[in-house]
Every structure is written in C-alpha cells, then in structure tokens.
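First up is the structure itself, then whatever we jot down about it.
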C-alpha cells in the first residue's frame, strides 16, 4: 500500500528514500480469503488464516440477538480502519506529523430504489497535531487519505468526513 500511495504523491519522497523508510507492499493482485460457518439460526463464526475467529450475528434491527459483530458493523469497521491506515501512509509519504487520530463511524441503512442498502457512511474524527502544525494541510491530508482508501474506493455508498483538527498548545 505504501509504495502504491507514494506514486500518488510524486515528489513527496525520493523512491530510494521511500523504500528505506517504508514497508514494501507485495505485488498486486492480492487475494484475501475468509470462511464462515453457522447453522440455520444464531451466531456464525468467521475465520481467516492467522487471526482469531470472530462471532457474528444479525443486529437487533434485523431481528438478531445484537450481542455479536454484525455485517453492518464489519462494514463500518472496514471503512474506518482502512481510512486510518491509509491516512497513516499518506502522512508518512508526505512527511506530515500528527499526534493522534481518533475516529468513529456511523452508517445509515435505508430503502433506496427498492433495495435496502447503506445510503451514507460518516467518519467523525478528531486529529490532534503537534504545536505549530498547519491545520489546512491536515485537512488536505485527511481528504487524500479518504480518496486513496481501498475500501472507500470500492463502495458505491458516499463516505463523508466530519473532521475536528486540534493543534496542541506549547
């Protein structure tokens, strides 16, 4: 991802220096696999190589138990984590320092054109910058992160950022 992102910011880092400072992304295409096991009711278990299993169930809104991660929450988590990790890569490639990024995601599910679907996803975030940092540049970096995010780019639902940028005092 970092090598791919650096191509978006030509001139930000020399290729040699970039490769010295960043992890190398494996050549594309990448294949990701998960498996799912469950009976006619109740929870399902998601499995993927190298990570702990996760329990999943429908949310209460879809008559589920509401006590496990739902597909809707997984989607929001995928958007949020992809944005965060992409923003990190954008910031690193652009030599942009920040102290902390906190974010939460919300998504609206509604019926649109006869289909129940997400109609909007909102990432609400607070970006804390070191003293003397440029908040306008920070906003540009956030937008670059959103636009370069693999998950966000793969979705048809609009993803909106609601940003609060805070500069630490001296």
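Residue separation times 0.36 nm, minus the C-alpha to C-alpha distance between residue 154 and residue 81: what's the value?
On the way: separation 73, 0.36 × 73 = 26.28 nm, distance 1.43 nm.
This chain segment gains 24.9 nm when fully extended.
For the chain, set up a GNM with springs between Cα atoms under 10 Å and report which of 123, 28, 47 has the largest fluctuation.
Residue with maximal mean-square fluctuation among 123, 28, 47: 28.
With the chain treated as a Gaussian network of Cα nodes joined by springs under 10 Å, which of 118, 83, 62 yields the largest mean-square fluctuation?
62
With volume of the Cα convex hull per residue in Å³ defined as stated, name the option among (1) 115; (2) 189; (3) 165 computed from the structure displayed.
Only one listed value fits the structure, namely (3).
Nearest 0.05, what FRET efficiency do residue 88 and residue 47 give at R0 = 22 Å with Cβ-Cβ as r?
On the way: r = 27 Å, r/R0 = 1.24.
E between residue 88 and residue 47, to the nearest 0.05, is 0.20.
Which FRET efficiency value, to the nearest 0.05, is calculated for residue 137 and residue 112 with the Förster distance at 45 angstrom and r the Cβ-Cβ distance?
Numbers: r = 36 Å, r/R0 = 0.80.
It comes out at approximately 0.80.
Given points 7 Å out from each Cα along the Cα-Cβ axis, report the residue 24 to residue 99 separation in nanometres with one decimal.
Between residue 24 and residue 99, the label points sit 3.7 nm apart.
Once the Cα atoms of helix 135-148 and of the chain are each reduced to a long axis, what angle between those two axes, in degrees from 0 to 90 to the nearest 10, is obtained?
The answer is roughly 50 degrees.
Tilt of helix 71-93 relative to the longest C-alpha principal axis of the chain, in degrees (0 to 90, nearest 10)?
10
Determine, from the Cβ-Cβ distance of residue 119 and residue 73 and an R0 of 22 Å, the FRET efficiency 1/(1 + (r/R0)^6), rounded to the nearest 0.05.
Details: r = 17 Å, r/R0 = 0.76.
Computed FRET efficiency for residue 119 and residue 73: 0.85.
Given 0.36 nm per residue, what is the gain on full extension from residue 128 to residue 162 after removing their alpha carbon distance, in nm? Don't skip to the answer; put the middle values down first.
Values: separation 34, 0.36 × 34 = 12.24 nm, distance 1.42 nm.
Roughly 10.8 nm would be gained on extension.
No value in this document is a laboratory result; all are computed from the given coordinates. These numbers were taken from a predicted model, which means no experiment stands behind them. Because the Cβ atoms are built from the backbone with ideal geometry, glycine has one as well, and the counts that use them run over all protein chains shown.
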